[in-house]
Amino acid sequence: MIAVKTEEQLEKMRAAGKIVGDTLRYIEPFVKPGISTLELNSMIEEYIRSFGAIPSFKNYNGFPAASCISVDDVVVHGIPSLRVLKEGEIVSIDVGALLDGYHGDAARTFPVGKISPEKERLIEVTRECFFEGIAKVRQGARLGDVSHAIQVHAEKHGYGVVREMVGHGIGTHLHEPPDVPNYGVAGSGPRLVAGNCLAIEPMINLGSPRISIDAKDGWTCRTRDGSPSAHYENTIIVREDDAEILTL
């Protein structure tokens, strides 16, 4: 069962979502060669807290930071550290904010200085995958329609679609039912209802879709073949005829 939120609850979702979107816009100019991922994380946490919100990720199931910062072959759940960003890399920043009991969640992949055309295209297609998916969102649509549209667009460009990591419902909990895979069969899955809230997040690899989790920290998710990966996520509300994006 996918929760249907009241208009009062949706207003709280919008407020949390706005903080997340603003945070990603705030941090983008600082993503450049020479800055550490730990510095970026500190700036993100300070910015989120300046609105009276709490970073959703900090201490979530033991995650040690306010944001997930994933460089090049790291798909998701990169732990901020003293690692310094280098020219030509790409970095995915995933941010959540809890305000008045409700969460917002979004991610972007940014270039670090000048990047290769292959990486530029990966970032752009991953973003396109999100919009292909939400073009299917409306009351009465099947969740599989969204997943299928994302998969088709990514694979049309020869990219690998990560299977193990998926989007999710969102609200008073950061992760709520249902899972929102980035692959699937059109016409399958639960029907969407106006007032459902979802975090839709294509995670797309330049190479194979296969991933591995770092055995030492239990979090860092990398591509098995070492290829770069991009991530694009927004929190949305299902409406009668379309989707309302809360984190842009």
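The values are calculated or read from the model by the stated rules, or taken from the named source; none is laboratory data. Being a predicted model, the structure only gives us computed values, none of them experimental. A quick note on method: Cβ atoms are made from the backbone with ideal geometry, for glycine too, and the neighbour counts reach across all protein chains shown. Please note that ligands, DNA and RNA were not included when accessible areas were found on the heavy atoms of the full protein model with its side chains. Shrake-Rupley method; radii C 1.70, N 1.55, O 1.52, S 1.80 Å.
Straight-line reach from K58: which aspartates and glutamates have a Cα under 20 Å away, not including same-chain ones fewer than 8 places off?
Hits, sequence-local ones excluded: D22, E39, E45, E46, D94, D100, D105, E176, E201, D214, D217, E233.
Determine how large the accessible area of K119 is when every protein chain is in place; take a 1.4 Å probe and give Å² rounded to the nearest 10.
Looks like 30 Å² after rounding.
What value, in deg cm²/dmol to 500, does the helix sum -39500 (n - 2.57) over DSSP H runs of n ≥ 4 give at 222 nm once divided by the residues of the chain?
Numbers: 4 runs with 66 residues, N = 248.
Value at 222 nm, helices only: -9000 deg cm²/dmol.
Express the carbon and sulfur contribution to the solvent-accessible surface of the chain as a percent, rounded to the nearest whole number, probe 1.4 angstrom.
Numbers: 5530 of 10430 Å².
About 53 percent, which is the carbon plus sulfur part of the accessible surface.
Could you pull out every residue, at least 5 positions away or on a different chain, whose amide H is within less than 5 Å of the one on V75? Hs are placed 1.01 Å off N in the peptide plane, and Pro or chain starts have none.
Result for V75 returns C221, R222, T223.
Largest first, how would Y232, Y47 line up by accessible area (1.4 Å probe)?
On the way: Y232 20, Y47 55 Å².
Greatest to least solvent exposure: Y47, Y232.
Counting other Cβ atoms within 10 Å, keep those with at most 15, restrict to DSSP loop, and tell me which GluC sites (Glu not before Pro) in the range 106-199 are left.
Values: sites: E118, E120, E124, E128, E132, E155, E164; in loops: E164.
Answer in residue order: E164.
Given the options V74, V180, V84, state which has the largest fluctuation in a GNM of the chain using a 10 Å cut-off (strictly under) for Cα springs.
Of V74, V180, V84, the Gaussian network model singles out V84 as fluctuating most.
Please report, in cubic angstrom per residue, the volume enclosed by the convex hull of the alpha-carbon atoms of the range 121-230. Please report the intermediate quantities before stating the final value.
Values: hull volume 10.8 nm³, N = 110.
Expressed per residue, the convex hull around the Cα atoms of the range 121-230 is 99 Å³.
For the chain, what relative contact order do you get, as a whole percent, if you take Cα pairs closer than 8 Å and at least 6 residues apart? If you can, show how the numbers build up before the last one.
Numbers: 671 pairs, mean separation 58.2, N = 248.
Relative contact order, the chain: 23 percent.
Less than 12 Å Cβ to Cβ from T126, Lys/Arg counted +1 and Asp/Glu -1: what total charge do the surrounding residues give? Display every interim value, and only then the final one.
Values: positive: R108, K119, R121, R127; negative: E120, E124, E128, E132, E201, E233.
Counting the neighbours of T126, the net charge comes to -2.
Which shape class applies to the range 170-244: rounded if a/c is under 1.5, otherwise prolate when a/b exceeds b/c and oblate if not, where a ≥ b ≥ c are the square roots of the Cα gyration tensor eigenvalues?
Working: a/c = 2.51, a/b = 1.85, b/c = 1.35.
Taking the square roots of the gyration eigenvalues as a ≥ b ≥ c, the range 170-244 is prolate.
Longer than 24 Å from Cα to Cα, which of K18/K156; K18/K216; K32/K156; K136/K156; K86/K119 are they? Say none if no pair is.
On the way: K18/K156 32 Å; K18/K216 35 Å; K32/K156 31 Å; K136/K156 18 Å; K86/K119 14 Å.
In this structure, K18/K156; K18/K216; K32/K156 lie more than 24 Å apart at Cα.
Using a 1.4 Å probe, how large is the accessible area of R222, given in Å² and rounded to the nearest 10?
Approximately 80 Å² of R222 is accessible to the 1.4 Å probe.
Plugging the Kirkwood radius over Cα pairs into Stokes-Einstein for the range 40-105, at a temperature of 25 °C and a viscosity of 0.890 mPa s, what D comes out in µm²/s? Walk me through the numbers on the way to the answer.
Numbers: Rh = 12.4 Å.
The diffusion coefficient I find is 198 µm²/s.
In the range 1-32, whose amide N lies under 15 Å from the spot 7 Å out along Cα-to-Cβ of L248? List them in ranges.
Hits in the range 1-32 for L248 at 15 Å: 18, 21-22, 25.
Non-local amide H neighbours of F57 (under 5 Å, H modeled in plane, Pro and chain starts lacking H): which ones?
G96
I'd like the distance between the alpha-carbon centres of the range 185-248 and the range 1-25, rounded to an integer number of Å.
Using only Cα atoms, the two centres lie 17 Å from each other.
Under 13 Å from the Cβ of E176, count the other residues' Cβ atoms, weight Lys and Arg +1, Asp and Glu -1, and hand me the total.
Values: positive: K5; negative: D105, D179.
With Lys, Arg at +1 and Asp, Glu at -1, the neighbours total -1.
Kirkwood hydrodynamic radius, the range 1-117, all distinct C-alpha pairs: what's the number in Å? Don't jump to the answer; show the numbers that get you there.
Values: mean 1/r = 0.0682 Å⁻¹.
It is 14.7 Å.
What does the chain give for Rg and for Dmax, in Å, if only its C-alpha atoms count?
For the chain, the Cα-based Rg and Dmax read 16.8, 48 Å.
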